Amino acid sequence: MNTQLLILDYGSQYTQLIARTVRELGVYCEIIPGNCSYEKVLASKAKALILSGGPSSVRTEGAPRPPKEIWTSGLPILGVCYGMQLMADELGGKVEGWMRSASGDQESKEQGIREFGPAEVNIKKNNGLFSKFHANENIDVWMSHGDKVTELPVGFITLATSSGSPVAAFQNTDKNFYGVQFHPEVHHTKRGKDILSQFLFGISKLEKDWDMKGFIKEAISNIQAQVPTGNVVCGLSGGVDSTVAAVLVHKAIGSRLHCIFVDNGLLREGEAKQVMEDMLALGLNVKLASSGERFLTELEGETDPEKKRKTIGRVFIDVFEDEAETITDVSHLVQGTLYPDVIESVSVIGNSVTIKSHHNVGGLKDIMKLSLIEPLRELFKDEVRLIGLELGISKHIINRQPFPGPGLAVRCLGEVREDRLKKLRTADLIVQQEIMKSGLNDTLWQAFAVLLPVQSVGVMGDGRTYEECIALRIVTSRDGMTADWYLLPEEILRRISTRIVNETKGINRVVLDISTKPPSTIEWE
Ligand code: XMP
């Protein structure tokens, strides 16, 4: 795809949202680090730039900055929040705000107020960026800033103000430079899309070039050109990404695509059978590698979460390679890599530590010599879902909750044994059934049971019990990076709890996990 618009990223949590909104408006765009070289900007052939928000302050040394040449490139530029402050600072305006104290941990008010959350902006001029608005109109916006522009650079005018920002938006129409202190990409900003749309089409004269049908057509012909002959292998998990990737490649090269579905014995109740049925119904050439016993033998006695994950990853690779070796003339491997996995960002928090080693096909040994086909590399998750629907994949696959590669092993705390997995599967199925009945499935990111290696005393009939415990993990999330716990209606919680204790042998207690991510994670291991 040709990149019509580049987003220079300064580390805002909303940067990807800008990209998704721009794409929803029909323009293909990409994200690159905000302190990139000008050569990178030129190489993209972009016709407009957006500078994202970010946690830095232009008033601190070392704050990430764009290459100077962008200001004389003639490209239309929109700065959002920190991006607007950069524009003001680089072009001779003034940015003031909250100062960090010398100790770094306390903040003192130097000037004005900070704005976080909903705010109201008053439009002063209805031209340029705001030509679709009325002068003196108030609009609801989402703010998240400590610094603010207090003096305009030469040639700029104030477009809007808010109680906390004397310059809530500005522009220099001669140069085609625009800035907004608020976040038009956040849905709380009513008519945020109108503002972005005016920048894309009214100002930058970009063309609509991005829709799912066009993407599918282009992806198929690219894959055909990439693999004119020979065979391709793909590890299927039954999840959205690998399924959509496989169906796309299958459309391009038919039965030259060989899918391998590894049943690691750590799947949910009935899942292996369901996935095989779904994949065969999609016409995929898929082979089932039933290797539950191999995984369980290797996991025997292991209770350390990281060792469990590593063992499962290693055995997965062995099983997958054994299967792949039976296929001749293989040159390529399909992976369901998504755009968020490949975006490079300005490092704002330093090197991150490994919280959990994720298990995916990336660690393959011999098979890594194969070239990769990553048909979803340019896409966000919601775009993958749209493509999946366009390709005729059924809704129950598209809307399937994320399920971790290491499966129930990371929800079966302590030793992973068949008897304990059985308890977990029974309890988990009850959670699935009740959530489906409640109609809340689409609201939730994930809802599942966790088996805890904690025994407690209970009473059943007239007898004493001393049995293990199930925790319920029910969360909402946008992308899995952060999550909030979700409180199911009391009657559903009661039904789940009663059913689990009554129907699961060896469980006498159910507890509810009410932790957010961070500081907790979604999965327990
Ligand atoms: P955590 O537990 O890190 O999980 O908060 C975030 C999201 O990622 C899923 N998850 C995984 N997905 N392989 C995957 O493909 C893995 O090893 C893995 N571990 C966690 C988890 O279900 C949640 O949606």
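The values are calculated or read from the model by the stated rules, or taken from the named source; none is laboratory data. What you see is a predicted model; the values in this text were computed from it and never measured. A quick note on method: Cβ atoms are made from the backbone with ideal geometry, for glycine too, and the neighbour counts reach across all protein chains shown. Ligands, DNA and RNA are stripped out before the accessible areas are found, and what is left, the full protein with its side chains, is counted by its heavy atoms. Shrake-Rupley method; radii C 1.70, N 1.55, O 1.52, S 1.80 Å.
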Check your understanding: In segment 151-158, is there at least one residue being open to solvent by less than 10 Å² (accessible area, probe 1.4 Å), aliphatic (A, V, I, L, M) and at pLDDT 95 or above?
Key -> no
Check your understanding: Inside segment 182-204, can you point out the residues that are among the hydrophobic types (A, V, I, L, M, F, W, C) and closer than 21 Å to N122 by Cβ?
Key -> F182, V186, I195, L196, F199
Review point. So, of the residues in segment 459-493 that are acidic (D, E) and outside any strand (DSSP E or B), which turns out to be surrounded by the most Cβ atoms within 10 Å (Cβ to Cβ)?
Key: D479
Exercise for review: Please work out which one of (1) within 15 Å of the ligand (Cβ to nearest atom); (2) hydroxyl-bearing (S, T, Y); (3) part of a strand (DSSP E or B) is the condition S456 fails and give its number.
Suggested key: (1)
Study note, to complete from the structure: Here, helices (runs of 4 or more DSSP H) confined to segment 185-261 with at least 1 residues that are within 16 Å of the ligand (Cβ to nearest atom) and not assigned by TED's automatic domain parsing to the domain that holds G83 are 240-253
Practice item. Considering every residue within segment 427-442, establish whether at least one is small (G, A, S), more than 30 Å from P228 (Cα to Cα) and either outside any helix (DSSP H, G or I) or open to solvent by 10 Å² or more (accessible area, probe 1.4 Å) (or both). Key: yes
Review point. How many of the residues making up segment 37-55 are surrounded by fewer than 20 Cβ atoms within 10 Å (Cβ to Cβ) and free of Cβ contacts under 8 Å to residues at least 60 places away in the same chain?
Key: 8
**Study point:** Single residue of segment 324-340 satisfying the filter (assigned to a helix (DSSP H, G or I) and buried (at least 20 other Cβ atoms within 10 Å of the Cβ)) that is modelled with the highest pLDDT
**Key:** A324
Review point. Quick one: G301 ticks every box in (1) in a loop (DSSP other than H, G, I, E, B); (2) exposed (fewer than 14 other Cβ atoms within 10 Å of the Cβ); (3) within 16 Å of the ligand (Cβ to nearest atom) bar one, so which box is it?
Key: (3)
Practice item. For S352, indicate whether it is within 16 Å of the ligand (Cβ to nearest atom), surrounded by fewer than 17 Cβ atoms within 10 Å (Cβ to Cβ) and either more than 23 Å from E30 (Cα to Cα) or modelled with pLDDT of 90 or more (or both). Key: yes
**Study point:** Residue count, segment 438-453 (criterion: touching a residue at least 12 places away in the same chain (Cβ under 8 Å), over 19 Å from V410 (Cα atoms) and away from the ligand (no atom under 16 Å from the Cβ))
**Key:** 2
Exercise for review: Name the single residue, out of those in segment 475-519 being in contact with a Cys (Cβ under 9 Å, 6 or more places away or on another chain) and hydrophobic (A, V, I, L, M, F, W, C), that is nearest to the ligand (Cβ to nearest atom).
Suggested key: V511
Exercise for review: For I470, indicate whether it is at pLDDT 95 or above, away from the ligand (no atom under 14 Å from the Cβ), under 20 Å from L267 (Cβ atoms) and over 24 Å from the mean Cα position of the chain (by Cα).
Suggested key: yes
Revision key, fill the gap. Considering residues that are in contact with a Leu (Cβ under 9 Å, 6 or more places away or on another chain), open to solvent by 50 Å² or more (accessible area, probe 1.4 Å) and in a loop (DSSP other than H, G, I, E, B), the number found within segment 395-425 is 3
